[in-house]
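The structure appears right after this line, and notes come after that.
The values are calculated or read from the model by the stated rules, or taken from the named source; none is laboratory data. Fair warning: this is a prediction, and the values are worked out from it, not measured in the lab. Because the Cβ atoms are built from the backbone with ideal geometry, glycine has one as well, and the counts that use them run over all protein chains shown. Ligands, DNA and RNA are excluded from the accessible area calculation, which covers all protein heavy atoms including side chains. Shrake-Rupley method; radii C 1.70, N 1.55, O 1.52, S 1.80 Å.
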Amino acid sequence: MRRHGWGAHTDPSFQSQPRTTREVVRRVAVYLRPYWWLVVATIGCAIVSLGFGLLYPKLTRYLIDEVIAKRRVEALTPAAVGLLGAFFLREAFNCLRIRINNRLEQNVIYDMRRAVYARLQRLPVHWFDQRASGDLMTRVIEDVNNVERLLIDGTEQGAVALLSIAGALVFMTSYNPTLMLVALTPMPLLVAGALWYTTTAHRRYRRQREASSAMNALLMDNLQGIRQIKAFGRQTHEDTRFADRADDLREGTLVVMRAWSWYGPAMQFIGAAGIGLVLWVGGALVLKGRMEVGQLVAFMLYAGMFFYEPIGRLHGLNQMLQAARAAAARVFDILDTPEERMATGEPADQLARAGVSDHSSGLAAPSVPPSWRARGEVMYDQVSFAYAEGKTALRNIALRARPGEMVALVGPTGAGKSTLVGLLPAFYQLDSGRILIDGHDIRTLPLATLRAQIAVVTQEAFLFNGTLRENILYGRIEASEADLVAAARAANCHEFISRLPDGYESRIGERGVKLSVGEKQRVSIARALLMDAPILILDEATASVDTATERLIQEALERLMQGRTSFVIAHRLSTIVNADQILVLRRGEIIERGRHDELVALGGLYAKLARIQNTTFIEESFDRLADTTS
Ligand SMILES: Nc1ncnc2c1ncn2[C@@H]1O[C@H](COP(=O)(O)OP(=O)(O)OP(=O)(O)O)[C@@H](O)[C@H]1O
Ligand SMILES: [Mg+2]
């Protein structure tokens, strides 16, 4: 098999911590608690149904030994009708059980899925940096289903199988204790088989779940990059890559099935051998006159239908349990990851409904009321940060922005500009130092309060698949129509939106693919304007647009920055010239700071840049300069 890229099981981000069967069962049982009455009802129905089923061998014995053998013609009809009635009632309760069971099942899936999603949304950004969206989707969709099957089928079928075995043992003993012992002889083999399967299954299922995730992850990535695939003519290459992932899944599934193909029939055969043995010994007993024919038939029915069959079903359940264990480990990975570090500030009842507890950092209690609005003074106090151990992205950053000031960040690509502003909404945790807003350490502010102070316009203006209205209202969902239009006008996007046939109701496609880059930028500016936060982060895109559009965007940005403390990562000299402070970053450190004139006078890196007046986009020149001056 050719290999393109790597197999699922070598990518550590797909792997999850193994869990013991006990832990999994104990933890998923929690989800059944709110529906205990449905659990009781479904098990109750199953038991009643089982009870009517157990009548079948009894009535058969009666028919053979009491009616046929004794030639009592008048008893034939009542016995036959009784048997029919028992069958009918058995299936009637079965029908009821299935209905209750389905409701229970869907309720539990719903709860578990919500809990997983709620937790997922509250995990820190760096956690998502390490994972593929397709993998997470597989966990929320497929793995939750697998876990739930264990819950529902496991509790119900398991309970019924055990009861059925117990009932059969009682009846069998009442007919003939010796024969009962004969029926028990295959037990050690059945137990040994189950133990072998249980101890080895986890590895196989885990590999299969990981392969499924890896395939979904590739699919998701490729669907997002469909234009790149076409543009680079990589369809055949991607076909092969997908085929490899699909092949991993095929092989993984086949390994699971192969084990079951041995285990299932082997257990069935051992059970059947038990029946053969019973017939053998029982036949001899009947011949010697120590047992009636009807008794032997009834015994055989009990042994087959209510003893070996449920034992086989328990083996099937064990298979399901092992599949669920692998899936549950992946679901618990999400549920067990701590949420973002501090009080989220969301209403407690809302969180409880979503199954999330409100974690506090252990630092000081929130120092501000929920409706707090910052003036917009921002201070970085000796801030250092690394994405990964030893890879410093920022070193000893110190800065102070007064309310309403504009701070421009410039520097070569990879200098740490986006990282610096990303720390303000606490997307990542600092390694050392503090960040203060109006004198409050951001770690003491509830996340929701903190983030309500900051509007972010990112480098790659992400829009959601929906209408323009929905996307702009994302800034403030309860905003009025007038506010919406005012924001759109201020962002210079009202005009182009009005020209669209559906206006604000136009659907813009995934990530806003149906809009141009310039349009997307202005829509994301409108969204930020509507939010009306005291602090603004603007990570300007480098994409070049025509001068007319550029003027529209520039105007929109100026309106957006008015009256807010703004951190602007700018690539246009025209924007930077007006900044109250310019911070020049290189390799994670601020190497120059001041106003445009001061920095020009300083004669450093910035001054060299400023001399190249005719470049609108300074990034390239910065890179060149950084190379020559370092
Ligand atoms: N999520 C991440 N995980 C790990 N490393 C990252 C992550 N994001 C950025 N980095 C690294 O941190 C450094 C700073 O990146 P950053 O995005 O802050 O640069 P930048 O100054 O914004 O560059 P640009 O002008 O190209 O946007 C780079 O070396 C980058 O590789
Ligand atoms: Mg950046």
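Can you pick out the pairs among K417/K608; K230/K417; K520/K608; K70/K288 whose Cα atoms lie more than 22 Å from each other?
Details: K417/K608 20 Å; K230/K417 33 Å; K520/K608 33 Å; K70/K288 20 Å.
The answer is K230/K417; K520/K608.
Give the dimensionless ratio obtained when the Cα radius of gyration of region 67-218 is divided by 2.2 N^0.38 Å.
Values: Rg = 24.5 Å, N = 152, 2.2 N^0.38 = 14.8 Å.
Normalised Rg, Cα atoms only: 1.65.
Compute the Cα gyration tensor for region 1-138, then decide on rounded, prolate or oblate, letting a ≥ b ≥ c be the square roots of its eigenvalues: rounded whenever a/c is under 1.5, prolate when a/b is larger than b/c in the other cases, and oblate in all that remain.
The shape class here is prolate.
So if R0 is 25 Å, what FRET efficiency would L195 and T253 give, r being the distance between their Cβ atoms, rounded to the nearest 0.05?
Working: r = 24 Å, r/R0 = 0.94.
Computed FRET efficiency for L195 and T253 comes out at 0.60.
Can you give me the C-alpha center-to-center distance between region 203-226 and region 455-534, rounded to a whole angstrom?
33 Å
If one puts a single equal scatterer on every Cα of the chain and applies the Debye formula without solvent, what log₁₀ I(q)/I(0) results at q = 0.07, 0.10 Å⁻¹?
Per q value, in the given order, log10 I(q)/I(0) is -0.65, -1.02.
Can you give the accessible area per residue of the chain, in Å², using a 1.4 Å probe? Working shown, then result.
On the way: 30830 Å² over 630 residues.
On a per-residue basis, 49 Å².
Leaving out ligands, DNA and RNA, what percent of the accessible area of region 124-225 is carbon and sulfur, probe 1.4 Å? Each step should come with its number before you reach the end.
Working: 2960 of 4340 Å².
Roughly 68 percent, rounded to a whole number.
Accessible area of region 465-531 with a 1.4 Å probe: how many percent of it is carbon plus sulfur? Intermediate values should be presented prior to the final figure.
On the way: 1640 of 3200 Å².
Carbon with sulfur: 51 percent of the solvent-accessible area.
Under the 0.36 nm per residue contour assumption, what length would be gained going from the current alpha-carbon distance of R203 and A448 to full extension? Before the final figure, lay out each step's value.
On the way: separation 245, 0.36 × 245 = 88.20 nm, distance 4.14 nm.
Extra length available between R203 and A448 comes to 84.1 nm.
If you take every DSSP beta bridge whose two residues both sit in the chain, what share of them, in percent to the nearest 5, is antiparallel? Don't skip to the answer; put the middle values down first.
Working: 21 of 38 bridges.
Bridges in the chain that DSSP calls antiparallel: roughly 55 percent.
What is the packing order of peptides 81-93, 289-301, taking the mean over residues of other C-beta atoms within 10 Å and listing the highest first?
On the way: 81-93: 14.5, 289-301: 18.8.
So the order, starting with the most tightly packed, is 289-301, 81-93.
Among all helices in the chain defined by DSSP H, which have a length of 24 Å or more along the axis from Cα atoms plus a Kyte-Doolittle mean of at least -0.5?
Span-like helices, by this rule, are 36-61, 76-121, 144-175, 187-224, 235-287, 309-336.
How much FRET efficiency would the formula 1/(1 + (r/R0)^6) give for F88 and L335, where r is the Cβ-Cβ distance and R0 is 56 Å, rounded to 0.05?
Details: r = 45 Å, r/R0 = 0.80.
The pair F88/L335 has a calculated efficiency of 0.80.
What ³J(HN,Hα) values, in whole Hz, does the Karplus curve 6.51 cos²θ - 1.76 cosθ + 1.60 give for region 441-447 when θ = phi - 60°, with x put for Gly and Pro?
Ordered by residue, 3J(HN,Hα) equals 4, 4, 6, 8, 8, x, 3 Hz.
Tell me which residues come under 5 Å, amide H to amide H, from E540 once H is placed; ignore anything under 5 positions away on its chain.
I569
What ranking, highest mean first, results for peptides 44-55, 236-247 when packing means the other Cβ atoms within 10 Å averaged over each residue?
44-55, 236-247
For V577 and Q228 in the same chain, what is the full-extension length gain: residue separation times 0.36 nm, less their Cα-Cα distance, in nm?
Working: separation 349, 0.36 × 349 = 125.64 nm, distance 3.66 nm.
Computed gain between V577 and Q228 is 122.0 nm.
Relative to the compact-globule scaling 2.2 N^0.38 Å, provide the ratio for the alpha-carbon radius of gyration of region 465-531. Kindly include the intermediate steps, with their values, before the conclusion.
On the way: Rg = 10.4 Å, N = 67, 2.2 N^0.38 = 10.9 Å.
Rounded to two decimals, the normalised Rg is 0.95.
Among 453-464, 319-330, how do they line up from the highest to the lowest mean number of other beta-carbon atoms within 10 Å? Walk me through the numbers before you get to the answer.
On the way: 453-464: 18.9, 319-330: 24.4.
So the order, starting with the most tightly packed, is 319-330, 453-464.
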